[in-house]
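All remarks here apply to the structure that follows.
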Amino acid sequence: MSKVDLEKYFKPNLKEARKRSTDRIEELKFQLSDAHQKIGVNKTYMIHTYGCQGNEADSESIAGILELMGFTKAVSEATSDVIIMNTCAIRENAENRVWGELGRLKAYKKTNPDLIIGLAGCMAQEENVVERVLKKYQHIDLVFGTHNIYKLPEYIETALFSKERVIEVYSQEGEIVENLPKVRNHKFKAWVNIMFGCDEFCTYCIVPYTRGKERSRSKEEIILEVQELVEQGYKEITLLGQNVNAYGKDFKDSNYTFGDLLHDLDQLDIKRIRFTTSHPHDLDQKTMRAMKDSKHIMPFFHLPVQSGSNEVLKKMNRHYTKESYLKVLNELKETVPGIAVTTDIIVGFPGETDADFLETLDLVEKAQFEGAFTFVFSKREGTPAAKFVDDTKEETKKERLYLLNDRTNAGYLKGNQRFLGQTVKVLVDGVSKNNDDVLAGYSEHNKLVNFKGDKSLIGQIVEVKISVAKTWFLLGDLL
Ligand code: SAH
Ligand code: SF4
Ligand code: F3S
């Protein structure tokens, strides 16, 4: 095999990715060129998506672009002409899963030598990942990152016809690309990006490097997208951003912020509005008031706290204390009575002591979270925390996670029990995982509800009287 010419590729660089320009981010409209329109005819694709809702939304655009090029969805990997892995870099175990899958896909090249395997998403933004792919994963034909999805038609063309490997990852974010086609995964629930990137630089987190500078979509584009969704019969939208509360802060000529956007979207006829994720230090009164006064914004809030120790929060660069977090939380609960709040917590951050951990448990007690995603700290190369002294035993970290989960699970149960005997509105998602006769959906407070009913109700909002509350779900009867 000839020596790979590493220079011709456009590889990522985490140091570059850390930089933040003051340039105004331009808007660009995606358009498929004539040359790319029929490339995919009689060919099929498959996309595997890992990570957050941001990635799920990106996969809908990747699918949209491929279908516009003529590709159709494959029924199996074995019959696919293009397989795209849209990956997540948030923790080491997320990456290990992908490496395993990438290795497994190699076998399909034996039966279909023309198969194109692509690596996309946040892992593609990491230098060490791209180096490893270049050296050890010769069967991967295409690597592109989170900033250049719109260039996929060119990449596919090159990979298919010139049989060259295409490696193109930009470390600096580019334009905000509008008009991307989408193949949405749901018929009545939709993701709507309101902003991209993150400027928070929490010291443990890779996202500001993989997603670039914070940049907001224009209010007009967002409203237009939601209006179209309403016309297509969508019932629920989830506004997406790594820190939705920072929406609009990058607008140079207006003071329009997240609270304003919520208020304006509430005027449209979409039945349910959700959003994720929020940063506690950017959560303002305007947002809370928009929720309180709204008809369609759901009484649910995911407000990641990460730790209850002020020492650890400082080392994490979170810009708040345990006390100020609880203050904002209480304000939120007072403004929107009955709101359900969930969180994210990391244990085993470098230098976290038993006393720090006890502060976290105490905060969980005081905050009365109704759910939490809990993680053991994972070292991400290129982030500041990767260099922090980390002398806590893995065993201790695991023990902390078990103890914490015990508490947060109690919160889940308590949060569910408050709906016993009440009637809740459920958007019916589909049949239950375990039982075909049972329907499943989410209540306004984002509680999973199971009940007997006819499949024709899928996609409708129905009323269910709750009779049983378990830790992970509610049971009830259709009214
Ligand atoms: N922007 C969002 C979500 C970021 S990723 C937010 O700030 O809430 C989702 C969660 O993954 C984070 O809230 C954090 O709890 C966790 N996480 C991020 N980096 C991590 C790391 N290096 N190790 C362990 N957990 C991490
Ligand atoms: Fe990561 Fe912090 Fe940004 Fe969330 S706010 S994406 S945790 S850097
Ligand atoms: Fe993962 Fe990237 Fe989302 S790292 S959590 S896919 S922003």
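For the reader, a short list of remarks on this structure follows.
- Scanning the stretch 274-286 for residues that are touching a helix residue (DSSP H, G or I) at 6+ places or on another chain (Cβ under 6 Å) and either hydrophobic (A, V, I, L, M, F, W, C) or within 16 Å of ligand 2 (Cβ to nearest atom) (or both) gives Phe275, Ser278, His279, Pro280, Asp282, Leu283.
- Among the criteria (1) open to solvent by 20 Å² or more (accessible area, probe 1.4 Å); (2) of a type in the set (A, V, I, L, M); (3) under 21 Å from Tyr204 (Cβ atoms), the one Val305 does not fulfil is (1).
- His48 falls short on exactly one of the conditions (1) more than 20 Å from the chain's Cα centre (by Cα); (2) at pLDDT 95 or above; (3) outside any helix (DSSP H, G or I), and that condition is (1).
- Among residues of the stretch 112-141, those that are within 16 Å of ligand 1 (Cβ to nearest atom) and either of a type in the set (S, T, N, Q) or at pLDDT below 95 (or both), counted: 2
- Count of residues meeting criterion [without any contact (Cβ under 8 Å) to a residue 60 or more places away in the chain and under 27 Å from the mean Cα position of the chain (by Cα)] in the stretch 374-393: 4
- Those helices (runs of 4 or more DSSP H) lying entirely in the stretch 68-166 with at least 3 residues under 21 Å from the mean Cα position of the chain (by Cα): 92-105
- All positions within the stretch 288-302 that are open to solvent by less than 10 Å² (accessible area, probe 1.4 Å) and within 16 Å of ligand 2 (Cβ to nearest atom): Phe301
- Number of residues in the stretch 80-94 that are open to solvent by 10 Å² or more (accessible area, probe 1.4 Å), modelled with pLDDT of 95 or more and within 16 Å of ligand 2 (Cβ to nearest atom): the value is 4.
- Of all residues in the stretch 430-459, those satisfying the criterion of being open to solvent by 20 Å² or more (accessible area, probe 1.4 Å) and in contact (Cβ under 8 Å) with a residue 40 or more places away in the chain are Glu444, His445, Asn446.
- Qualifying residue in the stretch 337-352 (condition: open to solvent by less than 20 Å² (accessible area, probe 1.4 Å) and assigned to a helix (DSSP H, G or I)): no
- Those residues of the stretch 6-32 which are among the polar types (S, T, N, Q) and either open to solvent by 50 Å² or more (accessible area, probe 1.4 Å) or outside the structural domain of Val75 (by TED's automatic domain parsing) (or both), in sequence order: Asn13, Thr22, Gln31
- Filtered residues of the stretch 200-241 (kept if open to solvent by 20 Å² or more (accessible area, probe 1.4 Å), within 21 Å of Leu427 (Cα to Cα) and either touching a Leu at 6+ places or on another chain (Cβ under 9 Å) or within 11 Å of ligand 1 (Cβ to nearest atom) (or both)): Gln227, Val230, Lys235
- Residue check, Asn185 closer than 29 Å to Lys73 by Cα, open to solvent by 20 Å² or more (accessible area, probe 1.4 Å), among the polar types (S, T, N, Q) and within 16 Å of ligand 2 (Cβ to nearest atom): no
- Filter result (buried (at least 17 other Cβ atoms within 10 Å of the Cβ) and over 22 Å from Glu359 (Cβ atoms)) within the stretch 272-287: Arg272, Ile273, Arg274, Phe275, Thr276, Thr277, Asp282, Thr287
The values are calculated or read from the model by the stated rules, or taken from the named source; none is laboratory data. All values reported here derive from a predicted model rather than from experimental measurement. Neighbour counts run over all protein chains shown; Cβ positions are idealised from the backbone, glycine included. These area figures cover heavy atoms from the full protein model, side chains too; ligands, DNA and RNA do not enter into them. Shrake-Rupley method; radii C 1.70, N 1.55, O 1.52, S 1.80 Å.
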